[in-house]
């Protein structure tokens, strides 16, 4: 069974002028256990929307998403949250760390949505990402690169089957971007998790043996990228 299986996925949004625009239209997409894919796409092409649909942060208009045997579609918000906690780790571009809590507490809080807080595992993960001496630092006391490491540790805390990463190097300089990318890929390999990472950075995408362009799998993205004559304009 694939770790991720998508069929007939669509999502549209209503613009301020009342026009409904389809952002995601994916007939089919799948990933196997341990597979790592770098997903390219122009700004505004729907990359973040696609990841948020997989994670259950957004509700699809139609279609099915199954992650490690857990259906993400057809559930209410609480159900999607529970399924996400069981199967998915998410590394956000903006990290989404809670500023009032330490690095250790941020990882532990991420665990509460799954099997429960495990201080020993949270500590082990932070040590693994090189933050052994920063466990009790709050995000504002950490560098941008260190905050990214906390975000990676949190994403892996519940031993996910699938890790989603949305432009995880976008806020980092080149050196820290390379380090963060290597860390994410290595920790996913160690845990046997599949990785779907989206980026517009050719240097980041070049590190992946398997690369896809969102326009290849998303008919809405392909339509946006087409010249006017190809769209019948």
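No lab work stands behind these numbers, since they all come straight from the coordinates. Owing to the predicted nature of the structure, the values given are computational and were not obtained by experimental measurement. As a convention, Cβ positions derive from the backbone with ideal geometry for all residues, glycine included, and neighbour counts pool all protein chains shown.
Across region 4-227, Cα pairs under 8 Å and at least six residues apart give a relative contact order of 29 percent. Protection proxy ranking for 106-112, 127-133, using the average of other Cβ atoms within 10 Å per residue and placing the highest first: 106-112, 127-133. Here is the size of region 1-51 from its Cα atoms: Rg then Dmax, 13.5, 43 Å. Taking each residue as 0.36 nm, the span from residue 190 to residue 64 lengthens on full extension beyond its C-alpha to C-alpha distance by 42.5 nm. With 0.36 nm allotted per residue and the present C-alpha distance subtracted, the residue 219-residue 12 stretch has 73.3 nm of extension available. Only DSSP H runs of four or more residues enter the estimate; each adds -39500 (n - 2.57), and after division by the residues of the chain the mean residue ellipticity at 222 nm equals -10500 deg cm²/dmol. With the largest listed first and rounded to whole Å, the semi-axes of the equivalent ellipsoid of the chain from the Cα gyration tensor are 31, 20, 17. Once the Cα atoms are used to define both axes, helix 174-191 deviates from the longest principal axis of the chain by about 90 degrees. Remark: spin-label model distance residue 127-residue 71 equals 4.3 nm, labels positioned 7 Å along the Cα→Cβ axis.
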